[in-house]
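One structure is given below, encoded as structure tokens.
What follows draws every value from the coordinates through simple rules; no lab data is involved. None of these values were measured; they are calculated from a predicted model. Here the Cβ positions follow ideal geometry from the backbone for every residue, glycine too, while neighbour counts run over all protein chains shown.
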Amino acid sequence: MTRVATRTPVLGTVVEVRLDGEPEAVDLAEQFAWRTFEELQAVFSVFDPRSELCRWRTGAIDTVSTELRTVLAAAEHWHVRSRGAFHPATGALTRRWRRAEQDGVLPSADELATLVTPLPFAVTADTVHRTGDCSEVDLNAIAKGFIVDQACTAALIPGVQTVVINAGGDLRHVGQGAATIGIEDPGRPYDNLPPRWKVSVSNSALATSGNARRGFQVGSQWLGHVLDPRTGWPVAHTASISVLADDAMTADVLATVLGVPSPTEALVFADQEHIGALLVEADGTAHLSASWPA
């Protein structure tokens, strides 16, 4: 049997779980998947002050769970690997751009430079050290993929052949067969058009990030929501990024990372990491990395 179940809001977005298998196994697998979302949302939520992340970043606790340390370590890895293109603590920059929306005036480069900060933590084999103010640490751009991975693992039990979980565009497929996923044209996101591209996802993950639906309206100027953590400025050259990777956490974070540098630099980075990437420039020009399927 096939079951498709949807819940909202989970992680601030709509989550769809698709399961193929024997009826009793599917029942149990669905319970395991939703339980994983509930448990890990209690770890990573930035909206619930009782979450483990919120308590750690304010100093209420020092010892962290394996799950939180794993994602903080991954965030540190990609911050270093991307040379700062990924940064999990840019709340001050985002608030400044929200204020710019209200004022209708762009901030100066000098002011933004004062809000660009080093990574405020370091992860070792057994703990996480605060090296600065961690109150702005937000793992949404990497933790959602991690949770999708964990939920897929929990749901792939004996009697279940296929699990596909999609959490607001972070999708993971495990098991038999493949899922064909459509990717919309970022230049026409509201036109209800058929997907501009399709890609097959099998025992892998796909994540897409784009500027079409979210951003900053400063006076008459529309600016995308992806900020370059190295300068504080919104990225203007890339309309959307789709990433194929072995797991959803990697696809999730790299869909953010690859939207920051120029398309040429992003494709070089994707090829270095052997990651499939579809990059669409602001003018609609599309580029494929070497690992994107033909």
Work out from phi, with θ = phi - 60° and the Karplus expression 6.51 cos²θ - 1.76 cosθ + 1.60, the ³J(HN,Hα) of each residue of the range 161-176, listed in order in whole Hz, and give x for Gly and Pro. 8, 9, 10, 10, 10, 10, 10, x, x, 9, 10, 9, 10, 9, x, 7
Rough spin-label spacing in nm, given labels placed 7 Å along Cα→Cβ, for residue 237 and residue 102: 3.3
For residue 161, which sequence-distant residues (separation of 5 or more, or a different chain) have an amide H within less than 5 Å of its own amide H, given hydrogens modelled in the peptide plane? 20, 21, 22
Residues with amide H under 5 Å of residue 291's amide H, sequence separation 5 or more or different chain, H placed in the peptide plane at 1.01 Å from N; which? 277
Mind giving me the nanometre distance, one decimal, between the label points for residue 62 and residue 13, set 7 Å out from Cα along Cα→Cβ? 3.6
Cβ-derived FRET efficiency at R0 30 Å, residue 268 paired with residue 294, nearest 0.05: 0.90
Name the longest site-free stretch of the chain, where the excluded sites are chymotrypsin sites (Phe, Trp or Tyr not before Pro) in a DSSP loop with no more than 13 other beta-carbon atoms within 10 Å. 48-189
Charge tally in the Cβ shell below 10 Å around residue 258, where Lys, Arg are +1 and Asp, Glu are -1, residue 258 excluded: -2
Please find, in a Gaussian network model of the chain (springs between Cα atoms separated by less than 10 Å), the residue of 229, 195, 107 whose mean-square fluctuation is greatest. 195
Quote the relative contact order of the range 242-291 in percent (integer), defining contacts as alpha-carbon pairs under 8 Å separated by 6+ residues. 33
Report which label in (1) 19.2; (2) 19.9; (3) 21.1 holds the value of Kirkwood radius over Cα pairs in Å derived from the coordinates of this structure. (2)
Whole-Hz ³J(HN,Hα) for each residue in the range 40-51, computed from phi via Karplus 6.51 cos²θ - 1.76 cosθ + 1.60 with θ = phi - 60°, x for glycine and proline: what do you get? 7, 5, 5, 8, 9, 4, 9, 9, 9, x, 8, 5
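Over the chain, what is the mean sequence separation of C-alpha contacts under 8 Å (at least six apart), divided by residue count, expressed as relative contact order in percent?
Taking the mean separation of contacting Cα pairs over the length of the chain, I get 17 percent.
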Hey, what do the phi angles of the range 281-289 turn into as Karplus ³J(HN,Hα) couplings, whole Hz, using 6.51/-1.76/1.60 and θ = phi - 60°, x for Gly and Pro? 6, 4, 8, x, 5, 9, 10, 10, 6
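Could you work out the relative contact order of the range 67-184, using alpha carbon pairs under 8 angstrom and six or more residues apart, expressed as a whole percent?
Over the range 67-184, the number comes to 21 percent.
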Report the full-extension gain for the segment residue 24 to residue 111: residue separation times 0.36 nm, less the Cα-Cα distance, to one decimal in nm. 25.5 nm
